[in-house]
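FYI, it's all coordinate maths here, none of it is from the lab. These figures come from a predicted structure and were not determined experimentally. Cβ sites come from the backbone with ideal geometry, for glycine too, and all protein chains shown count toward neighbours.
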Amino acid sequence: MAKSNEPIWWSLFSAGGMVAAMILPVLIIITGILVPFGLVDDDPLNFERIYTALSQSWLIKLIFFIVITLPLFHWAHRFRFTLVDVGLKSVSTLISILCYGGAITGTIVSIVVFWNI
Amino acid sequence: MSPYHRPIPNTWWLKRKPYILFMIRELTSVFVAGYCIFLLVLVYKLTQGADAYGNFMAALKSPSSVALHLITLAFVLYHTITWFNLTPKILVLYRGEDRIPQGLVAGAFYTGWVVISVIIAWLVLGV
């Protein structure tokens, strides 16, 4: 059987899809509705509180990092096949490079950003 | 000689409702990634100091930000629902000889989702 990278990408797709499904909706409600409309007391996302949480705990940093980066690989895998499905099969290699490359770039940028907190 | 492939028009997915829903499901990934990039920018603004972060958070109140959040929420919820409904088809669990019903597996994920969401809201909002 020919070697394939597919299991790696599929695992990241699957893990990222689960993280996105479980965690993103409540975060979107918080940053898109609860906080901007002032439905919660005392501005819970204020600079001091979030900066302290992230700068003082490697665990919180790691959780934020995973929540941000894993779904990028979910996107990369799914969007890759979407583009192929709508007729870009002839450039499928380029699409794979752009999609997975995009997710990898996002991960590297995330590492740099989190390193600097 | 290569085998004959019947040509498929690039608009095949517009032909039937299940195909359109499939395409919407696939496009939810764009909103998933978009929101993650938003979160990354938020953390980046934190590293740039209180002023930069404050301006960024103030912009969340703009109508365009709220509208974008609501559209994103709709797509991401569609992702969540389709994801949990698909999970039992991939995660096939048995108790002894009997397969655990798909509804029960999906139900466990929905329950976990609600519990996790409440815990996150409690931690982030500190209420």
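I'd like the Karplus ³J(HN,Hα) series for the stretch A:58-68: coefficients 6.51, -1.76, 1.60, θ = phi - 60°, whole numbers in Hz, and an x wherever there's a Gly or Pro.
Ordered by residue, 3J(HN,Hα) equals 5, 5, 5, 4, 5, 4, 4, 4, 5, 5, 7 Hz.
Looking only at other chains, what is the average number of their beta-carbon atoms within 10 angstrom of each beta-carbon in A:67-75?
Going residue by residue through A:67-75 and averaging, the value is 5.
Across peptide A:80-90, what mean number of C-beta atoms from other chains lies inside 10 Å of a residue's C-beta? Display every interim value, and only then the final one.
Numbers: counts 1, 2, 8, 1, 0, 8, 7, 5, 1, 2, 0.
Mean partner shielding for this stretch: 3.
Give me the net charge of B:Tyr19's neighbourhood, meaning all other residues with Cβ under 11 Å from the Cβ of B:Tyr19; Lys, Arg count +1, Asp, Glu -1.
Numbers: positive: B:Lys15, B:Arg16, B:Lys17, B:Arg25; negative: A:Asp85, B:Glu26.
Surrounding charge for B:Tyr19 is +2.
Compute the long axis of helix A:47-56 from its Cα atoms, compare it with the longest principal axis of the Cα atoms of chain A, and write down the angle in degrees, 0 to 90, nearest 10.
Approximately 60 degrees, to the nearest ten.
Hey, got the average number of other protein chain Cβ atoms within 10 angstrom for residues in A:40-47? Intermediate values should be presented prior to the final figure.
Numbers: counts 5, 3, 3, 1, 6, 6, 4, 9.
Averaged over the peptide's residues, the number is 5.
log10 I(q)/I(0), Debye, Cα-only the protein assembly as shown, no solvent, q = 0.13, 0.14, 0.16 Å⁻¹?
-0.91, -1.03, -1.27
Show that you can apply the helix-only estimate: for chain B, add -39,500 (n - 2.57) for every DSSP H stretch of four or more residues, divide by all residues, and state [θ] at 222 nm to the nearest 500. Intermediate values should be presented prior to the final figure.
Details: 4 runs with 92 residues, N = 127.
After summing the helix terms and dividing by residue count, I get -25500 deg cm²/dmol.
Compute the distance from the alpha-carbon center of the stretch A:42-65 to that of the stretch B:1-45, in whole Å.
The stretch A:42-65 and the stretch B:1-45 have Cα centres separated by 33 Å.
Using only the Cα atoms of the stretch B:12-125, build the gyration tensor, take square roots of its eigenvalues as a ≥ b ≥ c, and label the shape rounded, prolate or oblate: rounded if a/c is under 1.5, else prolate if a/b is larger than b/c, else oblate.
Working: a/c = 3.15, a/b = 1.62, b/c = 1.94.
Because a/c hits 1.5 or more and a/b fails to exceed b/c, the stretch B:12-125 counts as oblate.
What whole number of Å gives the distance from the Cα centroid of the stretch A:96-113 to the Cα centroid of the stretch B:51-127?
23 Å
Could you tell me which helices of chain B pass both thresholds, a Cα extent of 15 Å or more along their own axis and a mean Kyte-Doolittle hydropathy of at least -0.5, with helices taken as whole DSSP H runs? Don't jump to the answer; show the numbers that get you there.
On the way: long enough: B:17-47 (46 Å, 1.41); B:63-90 (40 Å, 0.95); B:102-125 (34 Å, 1.87).
Those that pass (Cα extent of 15 Å or more, hydropathy at least -0.5) are B:17-47, B:63-90, B:102-125.
At q = 0.11 Å⁻¹, what is the base-10 log of I(q)/I(0) for chain A according to the Debye formula with one equal point scatterer per Cα and no solvent? Please give it to two decimals.
One equal scatterer on each Cα of chain A leads to -0.50.
Please give me, ordered by residue number, the trypsin sites (Lys or Arg not before Pro) of the stretch B:1-90 that lie in loop per DSSP and have at most 15 other Cβ atoms within 10 Å. Spell out each step's value before the answer.
On the way: sites: B:Lys15, B:Arg16, B:Arg25, B:Lys45, B:Lys61, B:Lys89; in loops: B:Lys15, B:Arg16.
Counting only loop positions with at most 15 other Cβ atoms within 10 Å, the trypsin sites (Lys or Arg not before Pro) in the stretch B:1-90 are B:Lys15, B:Arg16.
Could you pull out the pairs from B:Lys17/B:Lys45; B:Lys15/B:Lys61; A:Lys3/B:Lys89; A:Lys89/B:Lys89; A:Lys3/A:Lys61; A:Lys61/B:Lys61 whose alpha carbons sit more than 30 Å apart here? Walk me through the numbers on the way to the answer.
Working: B:Lys17/B:Lys45 42 Å; B:Lys15/B:Lys61 40 Å; A:Lys3/B:Lys89 26 Å; A:Lys89/B:Lys89 28 Å; A:Lys3/A:Lys61 35 Å; A:Lys61/B:Lys61 26 Å.
Violating the 30 Å Cα-Cα cut-off are B:Lys17/B:Lys45; B:Lys15/B:Lys61; A:Lys3/A:Lys61.
Helix A:6-29 versus the longest principal axis of chain A: what is the Cα-based angle in degrees, 0 to 90, to the nearest 10?
The two axes meet at around 30 degrees.
Just to check I understand the Karplus step: with θ = phi - 60° and J = 6.51 cos²θ - 1.76 cosθ + 1.60, what whole-Hz values come out for the stretch B:4-12, glycine and proline as x?
6, 10, 5, x, 10, x, 5, 9, 3
Go ahead and estimate [θ] at 222 nm for chain A from helices alone: -39,500 (n - 2.57) per DSSP H run with n ≥ 4, summed, over the residue count, rounded to 500.
The helix-only estimate for chain A comes to -25000 deg cm²/dmol at 222 nm.
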